């Protein structure tokens with residue numbers, strides 16, 4: 001897709017915008033039932049950043065940008081303490097990422113005066129920039145951010161609408177599902193002693209913004 005954009009750069013129409021993205025985030029687990037991993041609560045977090053749509057045809061655009069987004073939820077699990085006694089543990093996870101979306105947007109013709117519908121599919125490459133567990137950045141003398149992997153990849157699927165507000169100004173709103181594809185940490189594997197444990201992000205965002 002990057003080569004495609006480069007090839008059409010001379011003729012492409014580029015629209016730059018700002019987006020605010022309230023996000024309901026959660027986690028999903030790959031683990032044996034005996035560890036009893038559960039998502040206790042989904043959390044409302046925020047994403048914000050810049051987007052860019054590169055139109056290489058009238059109704060098709062390569063869409064990217066740079067967004068700052070917080071993810072994570074309240075989770076519980078069974079772990080063994082120093083005395084070998086199993087017990088329920090709870091963690092409140094909050095990880096902040098810089099996201100680089102790599103997606104394709106498909107636009108309809110006008111469905112009403114000045115209104116078009118779009119569909120978005122692709123992924124995002126995310127880099128960890130900060131993290132907290134139980135609202136703490138340091139636990140037992142160790143920085144919490146070290147628990148989590150530096151990179152994460154998501155699959156994205158979304159839809160929304162754009163409204164023409166002037167000659168070159170549009171406002172838009174949509175809904176996007178973000179499905180984490182990669183394990184976000186190795187901490188619980190080491191804590192419990194099972195290399196098969198996996199923890200991934202899931203979220204749904206409401207995307208609203210303006211393009212110029």
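The values are calculated or read from the model by the stated rules, or taken from the named source; none is laboratory data. Fair warning: this is a prediction, and the values are worked out from it, not measured in the lab. Here the Cβ positions follow ideal geometry from the backbone for every residue, glycine too, while neighbour counts run over all protein chains shown.
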Legend entry - Matching option when the condition is out of contact with any strand residue (DSSP E or B) (no Cβ under 7 Å at 6 or more places or on another chain) and surrounded by 14 or more Cβ atoms within 10 Å (Cβ to Cβ), among 186, 194: 186
Inset, instruction - Check residue 182 against each of (1) in contact (Cβ under 8 Å) with a residue 60 or more places away in the chain; (2) within 17 Å of the chain's Cα centre (by Cα) and name the one condition it does not meet. - result: (1)
Inset, instruction - Would you be able to tell me the number of residues in segment 145-155 that are surrounded by fewer than 21 Cβ atoms within 10 Å (Cβ to Cβ) and within 15 Å of the chain's Cα centre (by Cα)? - result: 5
Legend entry - Enumeration of residues in segment 92-115 that are in a strand (DSSP E or B) and more than 20 Å from the chain's Cα centre (by Cα): 106, 107, 112, 115
Legend entry - Any chance residue 211 is surrounded by 16 or more Cβ atoms within 10 Å (Cβ to Cβ), under 20 Å from the mean Cα position of the chain (by Cα) and closer than 19 Å to residue 102 by Cβ: no
Legend entry - Residues within segment 29-51 that are surrounded by fewer than 16 Cβ atoms within 10 Å (Cβ to Cβ) and either modelled with pLDDT of 95 or more or closer than 30 Å to residue 169 by Cβ (or both), tallied: 4
Legend entry - segment 65-89 - residue that is in a loop (DSSP other than H, G, I, E, B) and touching a residue at least 24 places away in the same chain (Cβ under 8 Å) and, of those, nearest to residue 21 (Cα to Cα): 72
Inset, instruction - Output the residues belonging to segment 158-181 that are under 30 Å from residue 31 (Cβ atoms) and either exposed (fewer than 14 other Cβ atoms within 10 Å of the Cβ) or in contact with a helix residue (DSSP H, G or I) (Cβ under 8 Å, 6 or more places away or on another chain) (or both). - result: 175, 181
Inset, instruction - Might you check whether a residue that is crowded, with 19+ Cβ neighbours inside 10 Å and in contact with a helix residue (DSSP H, G or I) (Cβ under 6 Å, 6 or more places away or on another chain) occurs anywhere in segment 106-118? - result: no
Legend entry - Members of segment 131-144 found to be touching a strand residue (DSSP E or B) at 6+ places or on another chain (Cβ under 9 Å) and loosely packed, with under 15 Cβ neighbours inside 10 Å, listed by number: 134, 135, 137, 139, 143
Inset, instruction - Might you let me know whether segment 156-177 holds any residue that is within 17 Å of the chain's Cα centre (by Cα) and more than 26 Å from residue 16 (Cβ to Cβ)? - result: no
